Structure formats: C-alpha cells, structure tokens
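Q: The following block contains the structure, expressed as structure tokens.
Every number here is computed from the coordinates shown, using simple stated rules; none is lab data. Everything numeric here is computed off the predicted structure, so don't read it as measured data. Please note: Cβ atoms are built from the backbone with ideal geometry, for glycine as well, and neighbour counts cover all protein chains shown.
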Amino acid sequence: MNNAGRLDGLTAKAMRAALVGVAAVAVLPAVQPSSRLAAQAPVPGRATAITNATVVPVVGARIPRGTVVIQDGRIAAVGANVPVPAGAEVIDANGLFVYPGLMDGGTQLGLTEIGNGADGPTDLRELGDFNPHDDALTAVNPFSEIIPTVRVNGITTVLTSPQGNQISGQSALIDLNGWTAREMAELPRAGMIFTYPRAGGGGGFGGGGGGGGQQQTPEQQRERVQREARALRDYLANARAYAEVRSRTTDSASRPPVNLAMEAMIPVMRGESPAIFDVETADQIRGVLSLADSFGLKVILRGASYAWELADTLAARHIPVIVGPTTQLPAPGDPYDMIYANPGVLARAGVQIAFRTNSASDSRNVAYNAALATAYGLDPEEALRALTINPARIFGVQDRLGSIEAGKVANLIVTTGDPLDVRTTMKYVFIRGQSMPFDDVHTREYERWRNRPRPAPRP
Amino acid sequence: MNNAKRLDGVTARSAWACAWSIAALTVLPAVQPSSRVAAQEPPAPPSPFAMPVPPVGRLVAITNATIMTASHGTIPHGTILIRDGRIAAVGADVQVPAGAQVIDATGKYVTPGIIDAHSHTALEAVNEGTQSVTAEVRIEDALRQDPVSLYRELAGGVTSALVLHGSANTIGGQSITIKLRYGLPVDSLIFQGAPPGIKFALGENVRQTNVNIQPGQPRRYPFTRMGVEETLRDAFTRASEYRTRWQAYRADSTAWTRNRSRTRGAEPLPPARDLELDPLVEVMEGRRQVHAHSYRADEILMLINVARDFGFHVNDFTHVLEGYRVADEMVAAGSTGSTFADMWAYKMEAYYAIPHNAALMAERGVVVSVNSDSDERARRLYQEAAKAMHYGGTPEDEALRMITLNPARQLGVSDRVGSIDVGKDADIAIFTGHPFAPGSRVDMTLIDGRVFFDRTTAPTLEARMQQRQPRRPPARAASGGVE
Amino acid sequence: MRRASKRAAWMCAALTAFLAPPAAAQEGTWALTNVRIETVTHGVIERGTIVIRDGLIVAVGADVTAPADARVLDLSGRTVFPGLIDLTSSLGLPAPPTPAGGPGGGGGGGGAAAAAAAANQPGQRAYVGLEPERLVADELRPTAADIKAARDLGFTVVLSAPARGAFRGRSALVPLRDSVTTREVVRSPVALHLGYQGIGGGFGGGSRYPATLLGVIAYERQKFYDARRQSMLLDRYRTNPRGTPRPPNDEALDALIPVVKGELPVFFAASNENEIRRAIDIAHEFNLKLTIVGAAEGFRALDVLQAEHRPVIVSVDYPRSTDVTGWQYRNAQRHPSNDSAAADSAGQRVLQGNPAALMRAGVRFALASGGRAPDFLANVRKAIAAGLPRDSALAAMTIRAAEIAGVAEQLGSIEAGKAANLVVSEGDLLGDSGKVRMVFVDGIRYPVDPPPAPAAGPGGRRFGRGGNGQGQPGEAAQVAGTWDITVTTPNTSYPSTLVLTQNGSTFGGTMSTEMGSTAINGGSIEGRHLIWTAQIQIQGQETALSYSADVTGNRITGNVTAGEMGTFPFTGEKRP
C-alpha cells in the first residue's frame, strides 16, 4: 500500500532489531542480509546453515542441537552432526527452534483484501451454482498486503479456495512468496471445492448451503436442500458420463463438443484430483460419503464440526478432515467445547486431520486455532503434524513439504519456542530457501507510529 | 428499575429462586393427586426451567495454586482464602481455617476473573437502528438471564462484562456492566455500583455505508464522518439547552416557593422531560461514562474535540483500531482504549488496524484492555491477550492486566474486581496451566466465591459421547488417508 | 373527519347486520327449569330455575317458579354456568399485518412496508401499534360467523383489543350477539393495551422508531412522561384560561391522560418472566393501574406479582418448553442427551401448573384463551389437571374476568340482576366430556352447532400443541387405518407406513420403514392431537422416536424427536 514505508530501509531495520529482542541481537550480524526489506534471491549454490537449534522435523525425533543446511531452495541436510558447508551463511540458532513451515488447509489468501465495503479486490464467489472450471490461482494476488502478515507468523503454505455455490472451483496450494501466482503454486489445482447443501440456521457456521437465506421457512430450506442435493448428484452423473465418453474418444473428430466445466471435472471423476467438501453436520457428511460411494470420489472434508459423530467411519474409510476454524461457537444445545474437542476426537479415532482458518486475514492464527484444540484433548504432537505433514499428505505433496527432511523444499521457520504458543515469536521464515522479510503493512505502521514524536504545540 | 429493589435483588431473588426450585420438586407431586392416575406415577421430574443457584461461598480456600494476581506479580505456590464472597487473604503462607471448602489447585494457575470491556451478550435486542441518536434506550431493558452464551463465557473464565448496544447509531443507548451470575434472576446480573455508561459509535457502521439499502428505501442521516460530528454536536447542543432550561426552572421554582406574597404569579412550568437528553446531561455532568466505538484516528480526534467543547471526556474508545496513531491525544484527553487483539481488514476502516495496537497504546501510557465484541471470542480472551506479547512485546503482567485490571479500571470497578487482592470480590478463573500457554483451558470460574463453572460437571463433548455409546474402540495410531 | 367517516362505515355495517335474515336466535322471557345451576358466587343449586326477562336474570333459585309469560325450557340433566368471558380477543378487528421483527427486533424492515401495503387495501388501517387513541369500540366489525364460533365455545363476552404493538389502543367488552355495534358494547374503554412489539427492522434502518424492545420501552416511557405533562398543562389551562397558553390538541396524549392518572387500567401483554418484571417496573415508574396479560411464566415471577396486589389475566395458550426462560440454561448444563422429550413434557407440566402456582401464591387472576379460543377449555382442563382447583378455574373464567373488566355488577355469575349470559352444558364444562349445548347472551338464546373444522392456513395451529380443535371436546379423532408419512430431515426424507388400531383414546400398531418394522407404543389421542413413541436403530444405536401430531380429516402433520439428533417435521395421509 505504502511504497514510502517499504523503501525506508533504516526504519525497518531498526524495527526488526526491536522485535527480535536481546536474545537474537547476537545472531543478527551473522545473518543480516544487505536488506531485509525485499525477499533476497539466494545466491545460487550458496548454502545457509542454521546451527545449534532444536530441530523439530515432525517426521522423526527431535534433534536437541542440530543443524539444517539449505541449498538451492531445498533442505540439503539435517541432523546433529551435519557439517556446515564452506562459504555458507550461518545462523547461530542457539536457544531457538526449527520447525517445518506451517500450513493452513483452507484460506482465501490472495483472493480478497477487505471483507466489507471494498469489493474491487475481492474474487471469491463466481456467479452460478457450478463453477468447476474456475481456478483460484487465476485470481491470486501475490502482492496482497495480507500475505506478508500471515507469513511472519510462520505460515508458509496455504490452500486458497474460492467460496460459495455448490461447486466453487479449483483451489490452489500456494507458498506465500512469489512474483507471480504461478511461481507461488505448489499445486495449481489442489482440489475441487464443493459445498454440500445444508439447511441454514443451525449453529451459525459459515459453511452453509448454496444460498439458503434466513428468510426461508424450515419447509423451504428442506426443499432447497433436497433440490440442491439432487442437482449435485445429477451434475456428478453428467460429469462421469462426460469423462467416460472422453476417455473412449481420443481423436478430435469423434469427440463430443468440449464443455469446459465438464473438462474440469474429469480429474475429479477419475479420482485423481480430490473433491474437497465443505460440510458441518453429520447429515451432510453422510451425503458426501454417499456421493463418494456412487462416483468414486477422493474425498477431503473441511469444517466438519460434527465429524466426531462419525469419527470411526471416517477413520475406517481413510477420509481426511481439515477442521476449523476452531474459533466458532457450537449450536446452543451442543457441548460447550464441541468445536475445540472435535479435532482431538477425530485424531484419536485415527482420522488424519489438518487445520484451516477459512479466512484471509485470520490465516495467521491457524496455529492458535490448533492450540485451542490441544487444550481440549488433541495431542500437541498431533496438532503440530496437523499443521505440517498431515496437510502435505492430504494434498499429496508429502514428498516436497510438511517436514524437515533432506531433499524437501526449504519451507522452515526459526522460532523462540512452540509455534502453537502465542507468546512464541518467529525469528526467520524461509520459503523455498529464501529468508522472508519481516516487513508488512503492520510492522511498517508499528514502526512508523512507534517513532511518532510527542505532539508539540504549533510553533 | 427500582434501585432499592435492585440492591437486595441478589439475595432476595436468589432466595426466592432457591425456593422455587425446591417448590418445583416438592409441590408438583403434591398437586398431582387431584388426578388418581397421576398419584401412582413416579414423582415428577425437576422443572426443566429451574436454574439452580450455586451455593454461596461462605468460606472457600483455593490452595497450592500458582496465583497471577494482576496487581502484585505471581505467587508460585499460594492460597486464596475467600470469606463471604470476598478475598480475605492471599499469599504463600495463608492458613486454611477449619471448615473451609477447599479447592485444591495443585499444578494450576489462578487469575482474576476475566473482564470483557465490550460485549453484546445476554441481549434480546442490540440495535434500535431506526434513528441515529437513541440515548434514551437502555440495554438493561433487553437483558436476559439464561442464554447459553453466558455459560460459555464463564467457561472461558469471564466473570464481568460491559454490555453495550450495537454500533448502528451515533448514540446507541445506555450500557450496563454485568457479572456473569448465570442462573440468577436478571437483575442479579447487574454489577451493583458500576458507573452508568452510554455507547457512542463513529465511522462506517453509523454511516451505514456497508448496509444494503433496499431500492426506494431512504438513506439515514448521517452518511459521512462530517455528518457524524454534526449529529453529535446537535445532540449535545440540544442537551445543553435542555440542561439550561431545567436549571432556570429549578431557580424559578425555588424563588416561587420562597415567595409567599399574593402577587407571586403562576407557578413556574417545568420543562418537558426528555429521556433522550437526560443521559446526555449526565454525560456533561460527568455522571455517565462514554464508551465510543471508533476505528480511525480522525474520528477519535473528532470526538475528543466534541467532548472537550461540551465539557466532558470520553471514558474509553472501544475497538480504537487506530488508537496507536493518537495515543498521546487519548492520554491527554483522559481516555482509555479497549481494542481487538488482531482483527483487521474486515472492512475499509479496519485496514490500518495493527496487532501491535494494544502494545503500542500501552507503551504510550494508555490504559488498554483487549475485548471480545463477540460471544465466541469472549471464550478465549486469554489467548487474545497473549497476542500483545507476540506483537509488540508487552510484558506478561501487563498482557494479563489487559483482560483483568485494566478493563476494571476502565469500567470504574477496579476497587471491586480485576485483581487478586484482599478485600476484592472473589471473581476468579482457574486454568489447567499458564493462561497464555497453548494447552491451557479454564477448569473453574468463581464469582463472589461461588462456583459458576466447573469443568467436571460441564456438558463436554466427552460426556456427550459417553452417553451415546458405551465405549469407543481403542484409539488407533494416525495413519495417512489419501496416500 | 377520520372519526366521522369511521362512524359512518360502522353504521353501515350495523344496518347490514339488522337487515340480515334473522338467525335462529330467540329473544324474550325464558324460564330454564330443572337445571343444575353453578352460580359461581352463591354455590351450586342442584335443581333449580332461572328466569330471564329483558336480557337480565330476574330470578334464580331452587324454589323459583316460571312466570306465565315465560317460555319454559326443561333442562333436566343439563348444567348452566355463567357465560365465559375471554379477555384476550381481537374479535371484530382487522388482522394486523405482521411486522418483520418480533419483540427482539432484527427483521429487515418489512413491518413498515407491510403496514403501508395494508393501508392501501380498502377497509384496512395502517396499523403500526403506536395508537393509544385507538378506540376499538369505534371500529368493531365482527362477522356473524366469528361471533358464532366464539359463542359456540361457551364464550358470551370477549374483550377485544389489537394483538400486537406498543400502544395498541383501548379495548371494548363485546357481547357475542349476532349483531354487535357500539350500541351493544358492554363497556368501553376497558383498558389501554400495551405490549412490547416495535415496528420491526433492525440494523439496516429504513423502518420507523421504535423497532425493537429497546426502543419500545423507551418510547412508552417517554409517552407517559409526555402525557403527565399534557395533563398538567390542560389542568392549568382549564383552571386559568386567561393568560395560560393553550396546550396543543394531541389525540394520543389525551388518550393517555386517564392512564397516568390511574383512572384507566393498563393491560400489558407480558408473557415471559422478564417481560412481566419490565412491565411492573414501568407501572411503578408512572403509578399505572396495571394488569399483566399473558403471564405464561407467572410462576417465575411470583415475587413481584404477589407484591403488586393487582389481578392478572393468565393465558392458557401454553408456550413451547423450548421458548421458556430457563430452557436455555438447561441447554447449557450436562444432562442425558436423549431426555429432551421427557424434559419437554416435564416443562409442559410446569407451564400447565402456572395458574395453580399463581393461585397458591395468592395472586388473583382470570383465565383467558391467549387468542386461541378453540383450545381454551381443553387448556383449562390441563391447568386443572396440574393442580388448579376446578372451582377456582371456573371463577377465573367468569367472575374474576368480570371483576378485571370492571363489570362484576353485570356479569360473571348467575345472580338476579345480572345480564343473562349463560352457558348450558351437557356434563361438566370443565370435565373431560362436557359439551356446550346452548348459550344465552343478554337473554337471547343461541343454539350451538358442533364446532366447525378449524380454519386451515397460516396462523392456524402450531405443531406439537394439544387441544381440541375438531370434534366435540374430549372426543378422540378416528385414526385406525394405514397412514403413509414422510419425515423430513435437513438433507433427506424418510418415508414410513403406520398401521394403527384404535381403542377409544389410545392406539397402537406398527410402523414400517425401509429399515424394518417396529411397534408403536404409548399412542394416545386427545381430540385430534396424537402422540406416540417407537424405537428404531439409527447408526447401530437404539434410538427413541417421539411423535406428536395433529389429524385433520385424512391428513396428519406433526413432528418427531429423534433423541439428540433433533426434531423433524413430518406430514402424511391416511390411505382411503
């Protein structure tokens, strides 16, 4: 927003020093790039070594005093006795921790800037009920001011999704850095976003059905839900038929006329691309499972506040659940801690869980969403997995993301402690090996106004 | 409402409520014999409408606790003694008298009950949005004592809240400070002795620029921040004149009463009572606190100026998302700030909200609280307060004060609540661990020494699941689903 | 001007009524002989005579002989009661447009629009509920059918007032004669009627002040202050017209003056505990002569109702348990997950025990229908079953109501000199099998037809509510046969088939679904209201289903509570 702020190097540097505090002051000189303001493209071939850190690789045991070597955007080595390559930039992380970058399994990052009163930069909800050929990545603004504010909290990768209607479009798994949306993409098409129809007015959840207004009577809502469920099933039946015809007809002569929406559904119908269903109630989940049975969909559930009712079924069927946000109220008759406790119940039953905030600006709080769940029964180690390796597995990028293992993409965070702990601060955030600047609209404003002189009378 | 009645409301009504719950148990079966069939039926179940009142904590001791007092640091291994609802002793060496009800808090953290300085909880109506100035409406007219939200806030350690009108109007109406004495009759929610307040609002909500206006529906004045100022100045100008009229009348009336002569003329006519202007006169006379919903620096300064011109000050700017830009002016005007921890970008005027706001305002000398404005967020204010440490490095003690002692000071009740000190009300939250640590939750909440929330008897998901099925199969290790 | 045209319209209506073909009503001098007489005020005469002349009871007693000019009705085996009085009626008033928001506000501002729309319809007024000056007697236009429907239930006089609004207007006590005009009105105005409903609309604006509970209370208080001042100004002006500025004419404030002077009572519609307490606070602030109307949660406010020493008009239109203060508290507590049905029925017992609780607390009250006249007697029977002494119930429907309406000298009991408003029943009117057979209003005899089928459509019946709308009171609907019903959940619907066998007011049978067949337990019929339970397996769990339904002809509608899963509606039809 404010270019002057961005260019003001000295100010930002001073600000960062203030933020980092005493412990890290000693560290700074060793690592201080020429400027922390813009992401510095790493020098090809030059390594960065984070040493003396408690490394929490998530997959495998903690390394109490370990080294992580980053080279060419990847983790080159990790371990207790890893040598620091010659010429490497060294970060002495004594007393600090290294974790994989955190992931948010459902955001609108890049697709919206301001919730209300400024619709211009918002590209969330296309018109029409079925928009499978809409790609979130198309509309992701890499320079959204929200993105850096999320990144500085250690979130390096998010699933950003269009919203609303019955089939909202394709979500994209993006790293939170890049000059273009394409550069940011880990998966340009990470999964098709569905909203399973739901009667409105249950617990005030955001994920409701496709266009159920509060004005509808229960009778009307019921009719709408039935109508929409039928329409969705019909749509999938058409998509399956289309996919079958397309797989039989390879040459353009015998092929039926191209239908872009149906084309977009082919990988979903073949079970190659996940079908991500936003649901809340057990009834909705049953509806989704029934669709999965009928059409062989690879289903991921999101939201799913009532998934605990079907935890064993979901575990047995290996259906992953991206829970959240946990910052919701349960419906009046529900257990007071239902939303907080649901993730723990699912995890203990063997369901693979991840977290989402279902927000852009609140994405920075995804770890604190998980923290609430740990207070109500979710194992803290599992919570950490649910923010790292689980979502990587759910989206099929576990070979690239989600843990600190040699060969994986160097999405890493260096912290003062447990990332679930609000008191913890980030010291470094690496995305694809690049150290991200701690510079965003908030830190800039903070720095500027912190230095506001005391008001003086007019001369 | 009648004040005399209210003062003894807690005891009289609660006694009555007790009587009723007993009546519900005993009287109903006695009534049944009029029907012969009913007489043979088992006794009637208790009334589902009964709201049993927790027993009064005459003598309660919370022992072996890590006590975060909010006023004088943390006592690592201490005891709090509660007598007749007040804190009688606190410290490491407090002796537990015989006969005390002992709450063993070994391994637990005890904090003052959390105070939410911006809430709309327990209300049947929030906005009288038909006019931009509705100073005459009173939030206490719409309070309700039984909503689930009160319980859930207790489960998050909240014991007091400032209940405000919404922000549809420039002057929304008269607020009320409550204690979350859940289950007691509605008058007992009211925090006796708390100063009266009034809600003002500025910016987008008042302008209604984010409201969908139906075709043909007229827009409501004001539509700009300029108009908001004008609306305020108009209201206070009318209130000043109204006050002058009453002052003149009182003088005339006194003179007329004193004058016993036959020529003293007609008895002076009192001005018409105006319920809209009465509270504004109280504001100008310093008898009613102004709580001002605000976002941008410009509108905060505007209200500071308007208030100065009419001889009052704004008690607290609430939301105050750009407070960090005008903290010095706020301090100079004697105003405090109550903000969100990190909410932003949800509308244009929240675009320059920064999560460092609380820390920065505090650094500049503003008394800062972190509030919820939401029945949901109220349940995790302790996590929200910790964000002042995360952003801007607020010390732990001060972060805790932002949800305890500071809101108490803002609401004018710090002599009663907000810290764990001898003589204060025993409003207390007991956490399983450090309140800012990720795995901590509230296990027990007390108000006036009474236990209003106890996790061991709470309607948890675990309890619900145990009811549903005898026992789940043994837990399996997490395994990959889609791989 | 407005009033004059209103009067003209009204005369016209009256004229039409006179020109209408004569009903089966019969005036004249009557002697009801050999009848059991429940005088209410002077005990029961097991076998006596009542003489009626010129619309009045002229003699009543065991030894009274029929005068020569009287038409003698031998009513052996019948009982005669004072005519019932319903103080919660809107008879003869146009149905108000329903504002969008309830007392809690919130709606989208449809209220004002609806009112405006109503104003454009001929004969409809722009009803907004801010009209203390409204005089019901001036605009009363009941249809003969409405009157007859109420009378056939045993009512002889009703108090008519608008059912919504803040300042609703001033009520009229209307005798249920076929042709009713202002000439026949027993008393007007009886009271100023108040309530908590605003005009609707919330945050979005666009509607008129006051829209919500918040605004309504402030508005009412301001108006009472204004009325006090108006009263003072008028007094000064009258005492000393020279040199005193003439106060403005204000119809609304003028109508409030007798109210703030404590001359005209206030009937304040207040159903739940807090509404009652708020009304009492307002009454105290202005020294109003207050009568609470509704008081469904009176049992929760006994302390203030006792302290008031003012009579209460208690509605027997019991609310749903889930709407009662305290239910949400219950929701917040740990309790067995499948006890909702049991708690609901325990709640109903408490609610039905409300009149008994008031009685025990020494609060004087009348019973009233709450606007649902067809269910009145059935609901009163529930209050009696819940502990209200039968004789107290009878008094509360007659003499207590007359006292509250200020007409105890004319109505409410069978005494010489009182209006000949009588109900002749077969069996005890308050017993399970009592039937209204004949009604006298102002000495005019009206035969009673079997009650008509209840009107269908919105505003009719609510789910899960008891009462007899169809058939004679206490007479069970015929349900034996095969029914196809469909239960609808938010995502799907479940068909099932019921095969029912009936034995009087109980029934049993089987229910078949695609998951199998199960027995129907505990089936009972009250009028056309049915309840039963069944057990089925859902997700491998034994789940109790609790049904509650109403039968109309061969249609059934109701809801089913499936343990903690929730409550779902169903509809169905009987196979021919």
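Q: Rounded, prolate or oblate for region B:350-479? Axes are the square roots of the Cα gyration tensor eigenvalues, ordered a ≥ b ≥ c, and the cut-off for rounded is a/c under 1.5. If you can, show how the numbers build up before the last one.
A: Values: a/c = 2.68, a/b = 1.53, b/c = 1.75.
It comes out oblate by the Cα gyration axes.
Q: Once you sort the root eigenvalues of the Cα gyration tensor of region B:322-398 as a ≥ b ≥ c, which label holds: rounded (a/c under 1.5), prolate (a/b larger than b/c) or oblate (the other case)? Please report the intermediate quantities before stating the final value.
A: Working: a/c = 1.61, a/b = 1.21, b/c = 1.34.
Cα axes put region B:322-398 in the oblate bin.
Q: Got a sec to turn the phi values of region B:213-223 into Karplus ³J(HN,Hα) couplings, 6.51 cos²θ - 1.76 cosθ + 1.60 with θ = phi - 60°, whole Hz, x for Gly and Pro?
A: 9, 5, x, x, 7, x, 6, 9, 6, x, 10
Q: What share of Cα pairs, in percent, lie more than 42 angstrom apart in chain A? Let's see the in-between values first.
A: Numbers: 20339 of 105111 pairs.
Summing the P(r) of chain A above 42 Å gives 19 percent of all pairs.
Q: Further question: Quick one: net charge of B:D252's neighbours, Cβ under 12 Å, K/R +1, D/E -1? Could the numbers behind the result be given before it?
A: Numbers: positive: B:R245, B:R250, B:R258, B:R264; negative: B:E267.
Local charge sum for B:D252: +3.
Q: Let me ask something else. Run the numbers on chain B and let me know its relative contact order in percent, using alpha-carbon pairs under 8 Å that are six or more apart. Don't skip to the end; give the middle numbers.
A: Values: 1011 pairs, mean separation 88.8, N = 483.
That works out to 18 percent.
Q: Each label point is 7 Å from the Cα along the Cα-to-Cβ direction; what then is the distance between the points at A:V258 and C:R320, in nm?
A: 5.4 nm
Q: Once the Cβ-Cβ distance between B:V422 and B:A332 is put in as r, and R0 is 41 Å, what FRET efficiency do you end up with, to the nearest 0.05? Please report the intermediate quantities before stating the final value.
A: On the way: r = 35 Å, r/R0 = 0.84.
After rounding to 0.05, the efficiency reads 0.75.
Q: May I ask for the net charge around C:T501, where only other residues with Cβ less than 15 Å from the Cβ of C:T501 are counted and Lys, Arg are +1 while Asp, Glu are -1? Don't skip to the answer; put the middle values down first.
A: Working: positive: C:K574, C:R575; negative: none.
Result for the neighbourhood of C:T501: +2.
Q: Please give the peptides C:378-388, B:303-313 ranked by average Cβ packing (other Cβ atoms within 10 Å per residue), highest first, as a rough proxy for protection. List each step's numbers first, then the result.
A: Numbers: C:378-388: 23.7, B:303-313: 17.0.
Per-residue Cβ counts within 10 Å, averaged per peptide and sorted highest first, yield C:378-388, B:303-313.
Q: Now for a different question. Nearest 0.05, what FRET efficiency do C:E263 and C:R242 give at R0 = 30 Å with Cβ-Cβ as r?
A: Computed FRET efficiency for C:E263 and C:R242 comes out at 0.60.
Q: With every atom except the alpha carbons ignored, what do you get for Rg and Dmax of region B:81-157, in angstroms?
A: Reported Rg and Dmax, both Å: 19.5, 59.
Q: Ok, one more. To make sure I understand, if each residue's beta carbon is the centre and we count other beta carbons within 10 Å, what order do C:E415, C:E308, B:E153 fall in, fewest to most? Show your work: numbers first, answer last.
A: On the way: C:E415 15, C:E308 19, B:E153 29.
Fewest-to-most Cβ neighbours within 10 Å comes out as C:E415, C:E308, B:E153.
Q: Can you give the FRET efficiency for A:N94 and B:N212, using 1/(1 + (r/R0)^6), R0 = 56 Å, r = Cβ-Cβ distance, to the nearest 0.05?
A: Working: r = 56 Å, r/R0 = 1.01.
E(calc), rounded to 0.05, equals 0.50.
Q: Full-extension gain between A:N141 and A:T122, please, as 0.36 nm times their residue separation minus the C-alpha to C-alpha distance. Show your work: numbers first, answer last.
A: On the way: separation 19, 0.36 × 19 = 6.84 nm, distance 0.99 nm.
Between A:N141 and A:T122, full extension yields 5.9 nm more.
Q: What's the magnitude of the charge dipole for chain B around its Cα centre, counting Lys and Arg as +1 and Asp and Glu as -1 at the beta-carbon? Answer in Debye, nearest 20. Could the numbers behind the result be given before it?
A: Numbers: 51 positive and 52 negative charges, 214 e Å.
Value, rounded to 20: 1020 debye.
Q: Further, regarding this structure: Which lysines, if any, have their Cα less than 25 Å from the Cα of B:K108, not counting same-chain residues under 8 positions apart?
A: Result set, ordered by chain and number: B:K179, B:K387, B:K424.
Q: Okay, next question. Can you put A:V288, B:V417, C:V216 in order, fewest other beta carbons within 10 Å first? Let's see the in-between values first.
A: On the way: A:V288 23, B:V417 28, C:V216 31.
Fewest-to-most Cβ neighbours within 10 Å comes out as A:V288, B:V417, C:V216.
Q: Moving on. Separation between the C:R334 and C:E409 pseudo-spin-labels, each 7 Å from Cα along Cα→Cβ, expressed in nm?
A: Each label point lies 7 Å from its Cα, and together they span 6.5 nm.
Q: Could you list the residues of region C:218-251 with an amide nitrogen less than 20 Å from a label point located 7 Å from the Cα of B:T257 in the Cα-to-C-beta direction?
A: C:229, C:232-233
Q: Can you give me the distance in nm between label points at B:N305 and A:D379, each placed 7 Å from the Cα along the Cα-to-Cβ direction?
A: My value for the distance between the label points is 6.2 nm.
Q: Starting from one equal scatterer on each C-alpha and no solvent at all, send me the Debye-based log10 I(q)/I(0) for region A:59-130 at q = 0.14, 0.19, 0.24 Å⁻¹, two decimals.
A: One equal scatterer on each Cα of region A:59-130 leads to -0.66, -0.85, -1.21.
Q: OK, next. Within 10 Å of each Cβ in B:421-434, how many Cβ atoms from other chains are there, averaged over the peptide? Could you put the intermediate results ahead of the total?
A: Details: counts 0, 0, 0, 0, 0, 0, 0, 0, 0, 0, 1, 1, 1, 2.
Mean partner shielding for this stretch: 0.
Q: Here is a follow-up. For Cα pairs less than 8 Å apart in space and 6+ apart in sequence, what is the mean separation divided by the residue count of chain A, i.e. the relative contact order in percent?
A: Working: 999 pairs, mean separation 89.4, N = 459.
With pairs under 8 Å counted, the relative contact order is 19 percent.
Q: While we're looking at this one, here's another question. Summing -39500 (n - 2.57) over the DSSP H runs of n ≥ 4 in chain A and dividing by its residue number, what mean residue ellipticity at 222 nm do you reach, to the nearest 500 deg cm²/dmol?
A: On the way: 16 runs with 144 residues, N = 459.
Result for chain A, helices only: -9000 deg cm²/dmol.
Q: Something else: Using a cut-off of 12 Å between beta-carbons, work out the net charge of the residues near C:R208 (Lys and Arg +1, Asp and Glu -1, C:R208 not included).
A: Values: positive: B:R220; negative: B:E128.
In short, 0.
Q: Give the Rg/Rh ratio for the protein assembly as shown, taking Rg as the radius of gyration of the Cα atoms and Rh as the Kirkwood radius, to two decimals.
A: Numbers: Rg = 36.1 Å, Rh = 36.0 Å.
Computed over Cα atoms, the ratio is 1.00.
Q: Right, something else. Region A:331-459: D in µm²/s via Stokes-Einstein (Kirkwood Rh, Cα pairs, 4 °C, 1.567 mPa s)?
A: Working: Rh = 17.3 Å.
Approximately 75 µm²/s, per Stokes-Einstein.
Q: Using alpha-carbon positions, what is the distance between the centroids of region B:156-177 and region A:147-186, in Å?
A: First find each Cα centre; the distance between them is then 37 Å.
Q: To the nearest µm²/s, what D does Stokes-Einstein give for chain B at 4 °C and 1.567 mPa s, using the Kirkwood radius over alpha carbon pairs as Rh? Working shown, then result.
A: On the way: Rh = 24.8 Å.
Taking Rh from Cα pairs, D becomes 52 µm²/s.
Q: Further question on the same structure: For region C:307-377 and region A:264-318, write down the distance between their C-alpha centroids in whole Å.
A: A separation of 45 Å, based on Cα centres.
Q: Can you sort C:D54, C:D63, C:D375 so the residue with the fewest Cβ neighbours within 10 Å comes first? Walk me through the numbers on the way to the answer.
A: Details: C:D54 11, C:D63 8, C:D375 25.
With the sparsest Cβ surroundings first, the list reads C:D63, C:D54, C:D375.
Q: So, one more: Mean separation of Cα pairs under 8 Å and 6+ residues apart, divided by the residue count of region B:174-229: what relative contact order is that in percent?
A: Working: 48 pairs, mean separation 16.0, N = 56.
Here the relative contact order equals 29 percent.
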